[in-house]
Amino acid sequence: MIIGFAALVLAGCAPVLDRDLMNAGARQFQLSHLVETPEVFKDHLFILGGVIVETKLTEQGSQIEALFVPVNSSGYLRDATLYQGRFIAVYARAKGMLDPMIYRKGREITLAGDFVGVRKGKIDEMEYAFPLFEIRQIHLWEEHAYYDYAWPYYYPYPYYYSPYYYRAPYPYGSWGRPYPYWPPPW
C-alpha cells in the first residue's frame, strides 16, 4: 500500500515533457527579451506554456499562436494572469499534424521549442512582433468543463432563501442527478 501511494505521488510530480528536454530548456525568461535581442537567443531551447489563440495548417506544418504562460520546473502552467504576450510555435510537417479541431482556441499547452527568431504579424489591426519557436515536443492539457449551478443556502428569518452560486466541474453528481441533489424548498 505504501509503495502504491509513493508511486502515485511520484507520478503526480513527473514532468509533462521528456526529462532531458526539461533539464536542458530555459523556463525563466521574458518574451520581450527574445524580441529585443533575437540573435542572442537564436537556437536556444525554451520550455513554455500557453493558451491557444489559433491553430492553422501551413506549408511548413502546423502553426500555433498562443498567449504565453510561464511554467514551473515540471512543465505545469503557472497562473495565466502572468500574461507577457503572444508567441508562434511551428510543428514541422515531417513530424505530423496538430489538428486545429483538437488544438483549438482556449486549450492549454506546454511545449519545448527552439527559438528561431521574430516574425512580424498583426493582432487585429495592430502590428506585433511574435517570438517564433520550432516545436520539439508538445503536451496538450486536458479540458475542464465547468457549469454554473445554484446551491440553496437558507438564511434565518427574514431572509428565507438565497441562492449561492458556485462552479461545479461536472453537470451531474455521483448519482447521475443534476445539482442540487434535493428538490426546491416549496
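Could you list, in sequence order, the residues of the range 115-156 that are modelled with pLDDT under 85, within 19 Å of LYS105 (Cα to Cα) and among the small types (Gly, Ala, Ser)?
Within the range 115-156, ALA145 is the sole residue that qualifies.
Looking at the structure I just gave you, is LYS56 touching a residue at least 40 places away in the same chain (Cβ under 8 Å), on the phi < 0 side of the Ramachandran plot and surrounded by fewer than 16 Cβ atoms within 10 Å (Cβ to Cβ)? Please lay out each step first, then the result.
Working: touching a residue at least 40 places away in the same chain (Cβ under 8 Å): yes; on the phi < 0 side of the Ramachandran plot: yes; surrounded by fewer than 16 Cβ atoms within 10 Å (Cβ to Cβ): yes.
Yes; evaluated as a whole, the condition is true for this residue.
If you take the residues in the range 78-115 that are within 14 Å of ILE47 (Cα to Cα) and in contact with a Pro (Cβ under 8 Å, 6 or more places away or on another chain), which one is surrounded by the fewest Cβ atoms within 10 Å (Cβ to Cβ)?
Of everything passing the filter in the range 78-115, ARG78 is surrounded by the fewest Cβ atoms within 10 Å (Cβ to Cβ).
The values are calculated or read from the model by the stated rules, or taken from the named source; none is laboratory data. Treat the numbers as computed from the prediction; the structure is a model and nothing was measured. Note: ideal-geometry Cβ built from the backbone for every residue, glycine included; neighbour counts use all protein chains shown.
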